[in-house]
Amino acid sequence: MTLIRLTTIIKAPLEVCFDLARSIDLHIESTKASNERAIAGRTSGLIEQGEFVTWEATHFFIRQRLSTRIVEMRRPHYFKDVMTKGAFRSMEHEHFFESNGDHILMTDIFRYEVPYGIAGKIFDYFILKRYMTNLLSIRNEVIKNKALTETQLI
């Protein structure tokens with residue numbers, strides 16, 4: 001199983017960061033490069049516990065679909081989504097939000113398993129892990145920038 005752990009520091013209210021991280025609309029904005037769109041389940045707004053979303057996007061020149069469900073949520077500190085259908089053998093994404101003085105520590109723990117035996121493991125080692133880390137980093141930067149913008153408007 002591959003593990004990606006990212007921590008992003010955001011100077012914004014806890015609830016704002018939490019809601020932006022579960023915003024379908026902001027997710028779409030952050031994944032413009034892969035032309036990602038929500039095609040089933042919750043397709044806009046804030047996803048809630050028990051809800052699912054099916055994403056369609058192009059990765060590695062292949063049109064793909066990935067469905068995830070929010071299986072746990074403790075507002076505004078934590079939520080977890082897991083893949084119910086998609087290209088990974090398994091995938092889970094935990095989102096942690098911790099208030100630390102005047103800023104928030106937003107931590108992503110993203111775990112996945114690749115199919116296709118040794119070929120999948122080689123692809124993961126040389127390409128996929130870096131690709132997924134970059135995708136999550138871009139998403140977190142979009143969340144951070146939006147949180148800072150919204151906080152300035154208050």
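From the list 4, 9, which residue is farther than 19 Å from residue 92 by Cβ and not in a loop (DSSP other than H, G, I, E, B)? Lay out the reasoning, then the answer.
Working: 4 fails: farther than 19 Å from residue 92 by Cβ.
9 is the lone residue from the list that is farther than 19 Å from residue 92 by Cβ and not in a loop (DSSP other than H, G, I, E, B).
Hey, among 122, 143, 138, 118, which residue is within 17 Å of the chain's Cα centre (by Cα), over 13 Å from residue 18 (Cβ atoms) and not basic (Lys, Arg)?
Details: 122 fails: within 17 Å of the chain's Cα centre (by Cα); 143 fails: over 13 Å from residue 18 (Cβ atoms); 118 fails: within 17 Å of the chain's Cα centre (by Cα).
Only one candidate passes the filter, namely 138.
Checking residue 79 against (1) more than 22 Å from residue 146 (Cα to Cα); (2) in contact with a His (Cβ under 6 Å, 6 or more places away or on another chain): exactly one of these is not met. Which one?
The single condition residue 79 does not satisfy is (1).
Just name the residue that is nearest to residue 112 (Cα to Cα) out of those in segment 37-67 that are of a type in the set (Ser, Thr, Tyr) and either surrounded by 14 or more Cβ atoms within 10 Å (Cβ to Cβ) or touching a residue at least 40 places away in the same chain (Cβ under 8 Å) (or both). I'd like the intermediate steps shown before the answer.
If we filter segment 37-67 for residues that are of a type in the set (Ser, Thr, Tyr), which is where we start, we get 43-44, 54, 58, 67.
Now drop any that are not either surrounded by 14 or more Cβ atoms within 10 Å (Cβ to Cβ) or touching a residue at least 40 places away in the same chain (Cβ under 8 Å) (or both), which leaves 43, 54, 67.
Values: 43: 23, 54: 17, 67: 14 Å.
In this case the residue turns out to be 67.
Of the residues in segment 100-151, how many are farther than 23 Å from residue 28 by Cβ, in a helix (DSSP H, G or I) and either modelled with pLDDT under 95 or not basic (Lys, Arg) (or both)?
So the count comes out to 10.
The values are calculated or read from the model by the stated rules, or taken from the named source; none is laboratory data. It should be emphasised that the depicted structure is a prediction, and the values quoted were computed from it without experimental measurement. So basically every Cβ, Gly included, is an ideal-geometry build from the backbone, and we count neighbours across all protein chains shown.
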